[in-house]
1. Of all residues in the range 1-11, count the ones that are loosely packed, with under 12 Cβ neighbours inside 10 Å and either at pLDDT 80 or above or touching a helix residue (DSSP H, G or I) at 6+ places or on another chain (Cβ under 9 Å) (or both).
2. Got at least one residue in the range 24-44 being part of a helix (DSSP H, G or I), at pLDDT 75 or above, surrounded by fewer than 12 Cβ atoms within 10 Å (Cβ to Cβ) and in contact with a helix residue (DSSP H, G or I) (Cβ under 8 Å, 6 or more places away or on another chain)?
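The values are calculated or read from the model by the stated rules, or taken from the named source; none is laboratory data. Bear in mind that the values here come from a model prediction, so they are computed numbers and not experimental data. Neighbour counts are summed over all protein chains in view; Cβ atoms, including those assigned to glycine, are modelled from backbone coordinates with ideal geometry.
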């Protein structure tokens with residue numbers, strides 16, 4: 001039970017970090033002009049969401065076993 005709670009906390013943390021990064025990027029006045037830093041931030045945000053989705057899949061797999 002504690003392991004599921006740790007994974008769920010990690011998922012929520014990753015989604016929160018990814019959302020903050022995405023919101024921060026869209027609030028910039030030069031959002032239409034992508035720069036290298038913006039692209040790297042979008043890649044980091046996408047990786048946070050991807051890891052969160054993988055952990056959700058792991059939680060679902062373990063709950064069915």
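1. Result for the range 1-11: 2.
2. Yes; the residues of the range 24-44 include at least one that is part of a helix (DSSP H, G or I), at pLDDT 75 or above, surrounded by fewer than 12 Cβ atoms within 10 Å (Cβ to Cβ) and in contact with a helix residue (DSSP H, G or I) (Cβ under 8 Å, 6 or more places away or on another chain).
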